[in-house]
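A.B. asks: The following block contains the structure, expressed as structure tokens.
The values are calculated or read from the model by the stated rules, or taken from the named source; none is laboratory data. From a predicted model like this one, the values you see are computed outputs, not experimental measurements. Positions of Cβ are generated from backbone atoms using ideal geometry, with glycine treated the same way; all protein chains shown enter the neighbour counts. Remember, those area values only see protein heavy atoms, side chains included, never the ligands or the DNA or RNA. Shrake-Rupley method; radii C 1.70, N 1.55, O 1.52, S 1.80 Å.
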Amino acid sequence: MEGPTATVIGATGLIGNQLVELLENDDFFKKIRVVARRQVDFNNPSIDIRVINFSDESAFRTAISGSDAVFCAVGTTNRKVNGDKDAYRNVDYDIPVNAAKYCKETGIQKFLLVSSVGANSKSNNFYLRFKGEVEDNIRKLNLNSVTVFRPSMLLGDREEFRAGELLGKALAVPMSIFLPSNYRPIHARNVAKAMIRASKKTDKGFKIYQYKDMMELVKE
């Protein structure tokens, strides 16, 4: 059946996995495409899985071409890349910026990106500076519609064990009512829901959603 195609980059992550699951049960998007660097398994055989080398410009551009909305939820950790900042940049910077560039080149109308609360290209924090640089460079592309989501601590079940994150959640969740709203923990599923809701809007330009904005979208 012909209809809108949603493409997810980062489908094995906490938010990306929720995106795929929600899109499977969404009547708006008729086709779901997953772009990944390795084979991933989903129960739905109708999901179009495209395994590519993200450094291959032609393969990357072809993999997302024809999409109506591209959801980018990629991310890594210093632990995964053994502290290698170049490897970190390859994932957290190169993939989203290149994805947005190829959206521009192939006429894709909507790009939705998971960033981070506090993202700022002038930050002294390596992670937040990276996220801010990604946002700044995507903004410069002047895509038809870019929606950036800035969650704080993510709640949900990860496949990998992160002791520090578990401790942080144990402390942050009970104290969340005392935190500024932008820094409150949020369930990954709610971020995914907000992204899908935003993808159906007709807003143009560059828009940023913080915690309160995401929760309002979820309630719509």
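A.B. asks: Restricting the search to segment 3-57, which residues are under 13 Å from the mean Cα position of the chain (by Cα) and not in a strand (DSSP E or B)?
C.D. replies: Those that are under 13 Å from the mean Cα position of the chain (by Cα) and not in a strand (DSSP E or B): GLY10, ALA11, THR12, GLY13, LEU14, ILE15, GLY16, ASN17, GLN18, LEU19, VAL20.
A.B. asks: Among the residues of segment 22-47, what is the count of those that are under 16 Å from THR12 (Cβ atoms) and of a type outside the set (A, V, I, L, M)?
C.D. replies: Restricting attention to segment 22-47, the residues satisfying the condition of being under 16 Å from THR12 (Cβ atoms) are 22-24, 32-44, 47.
Going one step further and asking which of them are of a type outside the set (A, V, I, L, M), we end up with 24, 33, 37-39, 41-44.
Matching residues across segment 22-47 total 9.
A.B. asks: What residue, of GLU2, GLU24, is free of Cβ contacts under 8 Å to residues at least 24 places away in the same chain and open to solvent by 10 Å² or more (accessible area, probe 1.4 Å)?
C.D. replies: Values: GLU2 fails: free of Cβ contacts under 8 Å to residues at least 24 places away in the same chain.
After applying the criteria, what remains is GLU24.
A.B. asks: Can you find, within segment 101-141, the residue that is farthest from TYR183 (Cα to Cα) among those that are in a helix (DSSP H, G or I), aliphatic (A, V, I, L, M) and under 15 Å from the mean Cα position of the chain (by Cα)? Please lay out each step first, then the result.
C.D. replies: Applying the first criterion (in a helix (DSSP H, G or I)) to segment 101-141 yields 101-106, 126-139.
Keeping just the survivors that are aliphatic (A, V, I, L, M) gives 128, 134, 138.
The next check asks that each one be under 15 Å from the mean Cα position of the chain (by Cα); those that pass are 134, 138.
Values: VAL134: 20, ILE138: 23 Å.
Here the answer is ILE138.
A.B. asks: Against the definition (open to solvent by 20 Å² or more (accessible area, probe 1.4 Å), modelled with pLDDT under 95, outside any helix (DSSP H, G or I) and over 22 Å from LEU23 (Cα atoms)), how does ARG79 come out, yes or no?
C.D. replies: Numbers: open to solvent by 20 Å² or more (accessible area, probe 1.4 Å): yes; modelled with pLDDT under 95: yes; outside any helix (DSSP H, G or I): yes; over 22 Å from LEU23 (Cα atoms): yes.
Yes; evaluated as a whole, the condition is true for this residue.
A.B. asks: Which of the numbered conditions does ASN98 fail, given that it passes all the others? Conditions: (1) open to solvent by 30 Å² or more (accessible area, probe 1.4 Å); (2) part of a helix (DSSP H, G or I); (3) modelled with pLDDT under 95.
C.D. replies: ASN98 satisfies every listed condition except (3).
A.B. asks: Exactly one of these conditions fails for SER65: (1) out of contact with any strand residue (DSSP E or B) (no Cβ under 8 Å at 6 or more places or on another chain); (2) small (Gly, Ala, Ser); (3) touching a residue at least 40 places away in the same chain (Cβ under 8 Å); (4) under 28 Å from TYR211 (Cβ atoms). Give me its number.
C.D. replies: Looking at each condition in turn, SER65 falls short on (4).
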